[in-house]
1. First measure r as the distance between the Cβ atoms of residue 379 and residue 322, then evaluate 1/(1 + (r/R0)^6) with R0 = 25 Å and state the FRET efficiency to the nearest 0.05.
2. Pick out, from 276, 117, 407, the residue whose Cα sits farthest towards the positive end of the charge dipole of the chain, with +1 on the Cβ of Lys and Arg and -1 on the Cβ of Asp and Glu.
3. If you consider only alpha-carbon coordinates, what radius of gyration and Dmax does region 7-137 have, in Å?
4. Report the gain in length on full extension from residue 157 to residue 126: 0.36 nm times residue separation, minus Cα-Cα distance, nm rounded to one decimal.
5. If you place +1 on the Cβ of every Lys and Arg, -1 on the Cβ of every Asp and Glu, and leave all else neutral, what size is the dipole of region 151-237 about its Cα centre, to the nearest 20 Debye?
6. Can you give me the relative contact order of the chain as a percent, contacts being Cα pairs under 8 Å and 6 or more apart?
7. In nm, to one decimal, how far is the modelled label at residue 20 from the one at residue 337, with both set 7 Å along Cα→Cβ?
8. So between residue 423 and residue 62, what do we pick up on full extension, going 0.36 nm a residue minus the alpha carbon distance?
Amino acid sequence: MSNETISVLVVEDDHEQRQLVCEMLAANNFQIYSADCVEQAILVLKESPVDVVFSDWKLGTLTGLDLLNYVRKNLPETGFVIATAYGTISHAVEALQRGADDYLPKPFQRQALMLTVEKAHKAKLLRNQNRQLQAQLSEQKQLVGLVGKAPCMQKVYQRIDKVSATSATVLILGESGTGKELAARALHEKSNRANQKFVAINCGAVAESLAEAELFGAEKGAYTGADKTKIGKFEAANGGTIFLDEIGELSPSLQAHLLRFLQEGTITRLGSHTDIQLDVRVIAATHRDLQTQVANGDFREDLFYRLNVVPIDMPPLRERQEDIALLSEHFLKSHAKQHGCELIKLSEQAYRKLFDYHWPGNVRELSNRIERFVLLNDEEELTHLPSVGKIQANNEKLPNVSFPDIGYNWDDFERFCLEQALENQQGNKTKAAKYLSMSYKAFLYRLEKYQIS
Ligand SMILES: Nc1ncnc2c1ncn2[C@@H]1O[C@H](COP(=O)(O)OP(=O)(O)OP(=O)(O)O)[C@@H](O)[C@H]1O
């Protein structure tokens, strides 16, 4: 390794020793700074941060460890070597534990001194490189994160920024496709749990009979077919974040379990009596109006308040028209890359039509439409968007349902629609999903939810 530019601060209270070490290093073309105590060393470092600090353990009233603490706190990348007296191996161990790169027992040979200083310098370069890579990575994360500059999105970013440093429970509200899951991931990635797991679960997509085991785990034999212990999503997320999508779909019994976790930080696996303490941040989301669900008695009020500590509202796309061009460009690029297609541009007329559309499926719909455009390169197809007028006209085609005064159970109604659609299409699920203008996956979710076979 070239040592032409390596700068070393030698900290030693014994004048002769200091002189000797400095001379040895200078003879090998290191750039030398020196100090005889911790205080002076700090002054030197403030003026000229060096590549490596070579410090004696014993320095008057303070020790090399005090200097090491200062360096790790204020100049964390700097290499650090500590020289220890013969027979004081415990000092060496302590220094390594506190972040020194190496230690050198006294007395030492010139060669050993050179090797250890070079080793500390290498460690410094690695830390430096690591920091640069981390910075690049977080830049890339931003690129795959939330796109949008509208003032209502700025508010979302500010909220995310403010709460990401805490472990507060967050409730993300907004229509389907507005980016609730993306916001939850952004929150996790900005938090100090970023290196831990982010576990997402759609509460509406798990059959009720399996939901407890899925979320909280189950002991072997807890239910038919449980032939081994199952770790639930909460346990899997320990140390990290759990994202509970469609929280409004949670059954009353699971609402009680979740409330207990939020109050006490513990869960119990199905079939067990032992509490398990966990450290999991909860982010919940829903496209439903939870307050109405509370008023209707479908959602526990106490749980609602526990979840609603910090609400984040994801604005619908029609309320941030200024972001449509930005998002379109983003999806043109990302889908072209994903499918290995040429990057194509949209005409001004096409953009105008996109701006005028009301986007009931929000950003997801825009992404899907642009993806189709990237694959088919058919601008006419992309801009052939149903107008608001047409949607209203469609309302006339709705079946004439009369609602009884005593109210109506939404779940019964949904089940009724699913069964009718299946009957109408002679049990063909693909056709029934199409009949209800629903994706096949969404249709299957609901069949499973209502256990319609
Ligand atoms: N601001 C945004 N920037 C870039 N992509 C976005 C943005 N918002 C949403 N998307 C994309 O739109 C799609 C839907 O987003 P997401 O799943 O986060 O929405 P959601 O609100 O959780 O939907 P649902 O309520 O249906 O679960 C995803 O592909 C996501 O990457």
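What follows is calculated from the coordinates using simple rules that are stated; it is not laboratory data. Just so it is clear, the structure is predicted and the values come from calculations on it, not from any experiment. Note that each Cβ is placed from the backbone with ideal geometry, even for glycine, and that neighbours are counted across all protein chains shown.
1. The computed FRET efficiency comes out at 0.70.
2. So the residue we want is 407.
3. Rg then Dmax for region 7-137, in Å: 13.9, 48.
4. Here the segment from residue 157 to residue 126 would lengthen by 7.9 nm.
5. 400
6. Answer for the chain is 12 percent.
7. 5.8
8. 121.5 nm
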